[in-house]
Amino acid sequence: MKDRQLKLSDYLIIASLIFGMFFGAGNLIFPVHLGQLAGGNWITAALGFLLSGVCIPLLAILAISATKSGGIYDLAKPISPRYALIFLILVHATLGPLFATPRTATVSYALGIEPYIPKEFNSLALAIYSALFFLIVYTFSVRQSKILSSIGKLLNPLFLGLLLIIFLLGIFSPMGNSMAGKPTTDYITAAFANGFLEGYNTMDALAALAFGITIITAIKMMGVKDAKQISLATAKAGTFGILGIALVYVALIFLGATSLNQFKLADNGGVTLTQISRYYLGNLGNVLLALLATVGCLTTAMGLVIAFAQDFHQRFPRFSYKQFLIFNCFLSFLVANLGLDLIITWSIPVLMFLYPLSISLIILGLTSSMFDNDKLVYRITTIFTLVPAIFDMLKALPPVLSETTLVQILLDFAQKWLPLFSIGFAWLPFSILGFILGLGYHKLSRRT
């Protein structure tokens with residue numbers, strides 16, 4: 001039986017699924033906050049943000065497509081099966097119940113519900129909201145065959161329609177000159193580098209690795225079985241979906257930059273989004289933002305819990321997809337009630353550690369044909385990336401840990417001996433060196 005030939009409408013539905021899974025909690029608040037931080041340097045900062053928040057996730061999808069991988073495990077397996085399993089667990093723990101998935105509930109609560117709740121009832125309200133939120137996520141996610149219709153055909157188009165209203169108002173009736181705002185200290189001389197690091201907070205590069213299995217499963221359910229055709233469909237739909245995200249990011253960063261003409265620098269993008277929606281639509285803006293945040297975060301939460309359950313069920317088949325889904329939703333509910341600020345604080349050092357390893361793995365996957373998928377190239381590059389990534393993680397630890405004597409000694413060493421450590425890129429020259437050494441060894445070994 002021949003594979004079904006996908007039409008343009010099919011690619012757009014898959015692209016909508018990809019957009020919906022990616023675009024949620026951090027994707028709304030971090031670009032807006034970046035616009036405020038960068039002020040008049042928002043274009044330079046946006047370029048850095050787009051590199052880490054758009055280009056690298058797209059490369060991750062293309063790497064999965066090029067290597068015909070089923071997801072994170074297959075992509076990392078050339079390093080070693082044990083490393084691939086550990087890396088899969090770390091990525092899914094970060095995207096799943098420890099950080100990203102709970103954040104979808106706390107961000108939507110902070111934007112849509114918290115402003116109307118008295119402080120003394122805030123904890124109770126968050127508990128009730130997050131319980132209902134993850135109950136809805138579980139209900140929509142328990143049947144894998146429904147993900148295309150739930151996200152690709154229903155929730156994401158609704159989300160885009162709501163978002164378009166704010167964008168049109170911001171473009172045709174801007175709050176002021178986007179270049180007039182004063183950049184914060186970090187964005188005066190290093191706007192691009194800080195914009196790049198801000199893109200880590202979206203977790204999209206990690207999400208692209210995790211969502212690979214969900215995208216491939218959805219394509220298979222559309223009637224495509226051939227591995228080559230699945231890879232091609234993944235690449236095409238991924239490109240459409242990620243480019244759509246890029247356009248939304250630029251619009252959000254622009255809104256953040258123009259908001260400085262009306263509002264002071266806020267503590268986070270959630271506050272700024274609330275101010276913007278009220279500025280344009282008054283009380284109706286509050287309702288719109290609540291709907292926008294809830295729908296956007298629901299689609300991302302669904303994508304995250306589904307990818308988690310699919311990957312772990314594949315690796316540990318003795319437990320069912322449904323059992324992993326219940327576990328993730330319940331643990332995410334518990335973590336969500338720790339609050340948004342605490343989740344973000346502890347997620348940053350983990351991202352500073354995982355992102356370099358993810359980026360190097362993505363590049364290795366894309367270039368694997370250059371070295372015949374030689375395991376040694378994978379291993380040397382990964383080892384050279386791992387060490388400075390640990391130092392970057394230590395630097396980003398909360399003060400309660402980063403100010404301890406041992407950590408301070410290690411950070412002083414890194415500051416003195418690791419190039420680019422001060423701007424968060426200590427891993428980059430080491431990763432490049434490891435790749436060059438691995439590639440050189442591969443070429444020499446083939447000649448002898």
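What to note about this one:
- The residues of the range 11-25 that are in a helix (DSSP H, G or I) and touching a Gly at 6+ places or on another chain (Cβ under 9 Å), listed by number, are LEU12, ILE13, ILE14, ALA15, SER16, LEU17, ILE18, PHE19, GLY20, MET21, PHE22, ALA25.
- Against the numbered list (1) among the aliphatic types (A, V, I, L, M); (2) modelled with pLDDT of 85 or more; (3) under 20 Å from ALA66 (Cα atoms); (4) buried (at least 20 other Cβ atoms within 10 Å of the Cβ), ILE216 comes up short only at (2).
- Among all positions in the range 187-200, there is at least one residue which is assigned to a loop (DSSP other than H, G, I, E, B) and either aliphatic (A, V, I, L, M) or at positive phi (or both).
- Out of LEU6, LEU50, LEU37, sole residue that is at negative phi, outside any helix (DSSP H, G or I) and surrounded by 18 or more Cβ atoms within 10 Å (Cβ to Cβ): LEU6
- The residues in the range 4-29 that are touching a Ser or Thr at 6+ places or on another chain (Cβ under 6 Å) and modelled with pLDDT of 85 or more can be counted, and the count is 0.
- Among the numbered conditions (1) touching a Leu at 6+ places or on another chain (Cβ under 8 Å); (2) under 18 Å from PHE353 (Cβ atoms), the only one that GLY438 does not meet is (2).
- Restricting attention to the range 427-436, the residues that are free of Cβ contacts under 8 Å to residues at least 24 places away in the same chain and loosely packed, with under 15 Cβ neighbours inside 10 Å add up to 2.
- Residue identified as aliphatic (A, V, I, L, M) and free of Cβ contacts under 8 Å to residues at least 12 places away in the same chain among LEU444, LEU439: LEU444
- Within the range 263-281, residues that are on the phi > 0 side of the Ramachandran plot and buried (at least 17 other Cβ atoms within 10 Å of the Cβ) have Cβ atoms under 7 Å from residues that are at pLDDT 90 or above and not small (Gly, Ala, Ser) in no pair, counting only partners at least 6 apart in sequence or on another chain.
- Those residues of the range 373-419 which are outside any helix (DSSP H, G or I), in contact (Cβ under 8 Å) with a residue 12 or more places away in the chain and either assigned by TED's automatic domain parsing to the domain that holds PRO78 or farther than 16 Å from VAL350 by Cβ (or both), in sequence order: ASN373, ASP374, LEU418
The values are calculated or read from the model by the stated rules, or taken from the named source; none is laboratory data. This structure is a prediction, so every number in the text was calculated from the model and none was measured. Using ideal geometry, Cβ is built from the backbone for each residue, glycine included, and neighbour counts are taken over all protein chains shown.
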